[in-house]
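Below is one structure, written out as C-alpha cells; the observations come after it.
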C-alpha cells in the first residue's frame with residue numbers, strides 16, 4: 001500500500017528540514033511537498049497524520065549483537081529485527097561473535113536468510129577479521145564481502161597484534177570496507193569488572209582504567225594513518241579516546257567513531273547497588289568522561305550513536321557482579337535516550353538524525369535519505385511523547401536493561417522498510 005505521511009517535520013540533513021508531506025509509492029520515495037499540504041491523496045493511498053512528529057531517513061544501528069546462531073535463547077535474528085523496528089531502526093549491523101563466528105560466507109548468508117524471513121529491519125552483517133576471533137590470520141575478506149558483509153571486526157575481542165590490525169586495514173581498504181575496532185588492551189583490562197576509580201574502590205571491585213581503551217585507539221589511529229584504511233572505533237567511552245579521535249579528524253585521517261547511549265546517560269555511580277545490568281564493556285565511566293562524550297557528539301568528533309545491543313538471560317546476569325556477563329540491551333531505548341540530548345539542548349534534532357541515520361549510512365558507504373527514487377526506509381517518531389521504560393513490554397527476548405522504570409520523552413511511532421510498515425505504535 002502506498003503511504004502519504006502528512007504534516008510532519010521532515011529532516012533529511014543537507015536536503016530538507018521543515019513541515020512537509022512525504023509520499024511513498026512502490027517501496028520508494030515518490031515525492032516531498034513542503035508546507036502544510038492539503039492536496040487530496042492518490043486513490044488507495046494510506047494517509048498518516050504526522051503533525052507534531054518528526055519524519056527522518058530510517059535509523060541505522062551500527063552495532064548490535066544478535067545471538068543467532070548459537071545462543072538463540074538470548075536473541076534470535078527475528079526477535080532482534082523486531083526489537084530494532086520497535087525502536088525505530090530500519091537497519092542494524094550485526095557483530096560476528098556468534099557461535100559459530102561469522103567468519104565465512106556460509107554464516108553471512110545464513111544471517112541474511114534469517115533476516116529476510118523475519119521481514120522486519122534490514123540486517124547488514126559485519127564479518128570477523130580473524131577466523132574464530134582468535135586474532136591469528138585474516139578471514140577471506142573477498143568471499144565475505146561477496147556474500148554480503150559490510151565491514152570487518154573482531155568485536156567482543158580486541159585485535160591484539162598490531163601487524164594483524166595493519167593487514168586488516170590494508171586488505172579491507174582494497175574492498176572499500178571499514179574495519180571496526182574494539183579498542184581494548186587486554187593486559188590493562190584483565191580481571192576488571194568496572195571503571196577504575198573511587199567508586200570501584202568503595203565497592204571493592206577491580207577496575208579497568210581509561211587507558212585500556214585510549215592506548216588501543218591511539219594505536220589503531222596510527223595504523224589507519226599508515227595504511228590509509230578506513231577505521232571505525234566502536235563504543236567510545238573515555239575522554240581520552242574522544243580527544244585522540246578529534247585530533248585524527250583534524251589531520252584528515254579516515255577515522256570515524258560511535259558511542260552508545262549508556263555512556264552519556266549513566267556514569268560509574270550507577271554501579272552502586274551492584275546491579276549487573278550496569279556491567280558492560282567498556283565499563284561505565286566518570287562524569288568527566290560522559291561530558292566529553294556529549295561534547296564529541298555535539299562537535300562532530302563522534303559520528304554515530306549505536307546501541308551495542310547485547311542480550312543476556314538471567315542465567316548470565318543473576319550472579320555476582322564480577323562474574324556477570326558484560327552487556328545490556330538497547331535497541332528499544334536508544335532513540336528515547338538520545339532524544340534527551342535534544343531536550344537538554346546538547347545537540348539539535350537535525351544532528352540527532354545525522355548521528356542515528358545519515359551518519360551511519362555514510363560510514364557504510366551507502367546513499368541514503370528521503371530524496372525521490374530512494375528506497376523508502378523511514379522512521380517517524382514523536383519527540384515529546386512521555387512514557388516510562390518497561391522491560392516487560394520489550395520485543396527483545398532479553399531483559400538486561402539498566403533503564404527499566406526511567407521516565408523518558410520521545411519514541412518511535414512508525415518504522416517503514418522498503419515502503420512497508422514493519423512497526424506501528426498502537427497508542428500514543
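Just to check, using Stokes-Einstein with a Kirkwood Rh over alpha carbon pairs, what's the diffusion coefficient of the stretch 205-253 at 25 °C and 0.890 mPa s in µm²/s?
For these conditions, the coefficient is 217 µm²/s.
Place the peptides 204-213, 259-268 in order of packing, highest mean first, counting for every residue the other Cβ atoms within 10 Å and averaging per peptide.
Listed from highest to lowest mean packing, they are 259-268, 204-213.
For the chain, what does -39500 (n - 2.57) per DSSP helix run (n ≥ 4), summed and divided by total residues, give at 222 nm, in deg cm²/dmol to the nearest 500? Display every interim value, and only then the final one.
On the way: 14 runs with 124 residues, N = 428.
Roughly -8000 deg cm²/dmol at 222 nm, from the helical runs in the chain.
Bin width 5 Å, origin at 0, all Cα-Cα pairs of the stretch 250-390: what percent of pairs per bin?
P(r) for the stretch 250-390, in whole percents per bin: 2, 9, 16, 19, 19, 15, 11, 6, 3, 1, 0.
Just to confirm the number: angle between the C-alpha axis of helix 77-86 and the first principal axis of the chain, 0 to 90 degrees, nearest 10?
For helix 77-86, the angle is close to 60 degrees.
Rg to Rh for the stretch 58-363: what is it, with Cα atoms only and Rh by Kirkwood?
0.93
Can you tell me the alpha carbon radius of gyration of the stretch 116-176 divided by the globular rule-of-thumb value 2.2 N^0.38 Å?
Numbers: Rg = 12.6 Å, N = 61, 2.2 N^0.38 = 10.5 Å.
So the stretch 116-176 has a normalised radius of gyration of 1.20.
So if the hydrodynamic radius of the stretch 158-300 is defined as the Kirkwood radius over C-alpha pairs, what does Stokes-Einstein give as its diffusion coefficient at 20 °C and 1.002 mPa s, in µm² per second?
Numbers: Rh = 15.5 Å.
The estimated diffusion coefficient comes to 138 µm²/s.
Go through 239-248, 302-311, 9-18 and give me the packing order, highest mean Cβ count within 10 Å leading.
Ranked from most to least packed, the peptides come out as 302-311, 239-248, 9-18.
Step by step: find N for the stretch 37-135, compute 2.2 N^0.38 Å, then divide the Cα radius of gyration by it. What's the final number?
1.38
Show me 67-80, 314-327, 159-172, 43-56 ranked by packing, highest mean number of other Cβ atoms within 10 Å first.
67-80, 159-172, 43-56, 314-327
What's the center-to-center distance, using Cα atoms, between the stretch 222-271 and the stretch 336-388 in Å?
What the calculation gives is 20 Å, centre to centre.
How big is the antiparallel share of DSSP beta bridges in the chain, given as a percent to the nearest 5?
Rounded to the nearest five, the antiparallel share is 50 percent.
If N is the number of residues in the stretch 336-428, what value comes out of its Cα radius of gyration divided by 2.2 N^0.38 Å?
Details: Rg = 14.8 Å, N = 93, 2.2 N^0.38 = 12.3 Å.
So the stretch 336-428 has a normalised radius of gyration of 1.20.
Sort 313, 153, 130 by Cβ crowding within 10 Å, fewest neighbours at the top.
313, 130, 153
With everything on Cα atoms, drop me the angle between helix 334-343 and the longest principal axis of the chain, reported from 0 to 90° to the nearest 10.
The two axes meet at around 80 degrees.
Report, to the nearest 10°, how far helix 211-227 tilts away from the longest principal axis of the Cα atoms in the chain, using its own Cα long axis and a range of 0 to 90°.
Helix 211-227 sits roughly 70 degrees off the main axis of the chain.
Read-outs: derived from the displayed coordinates by stated rules, not from any lab. Just so you know, these numbers come straight off a predicted model, no measurement behind them. Cβ: placed from backbone, ideal geometry, glycine included. Neighbour counts: every protein chain shown.
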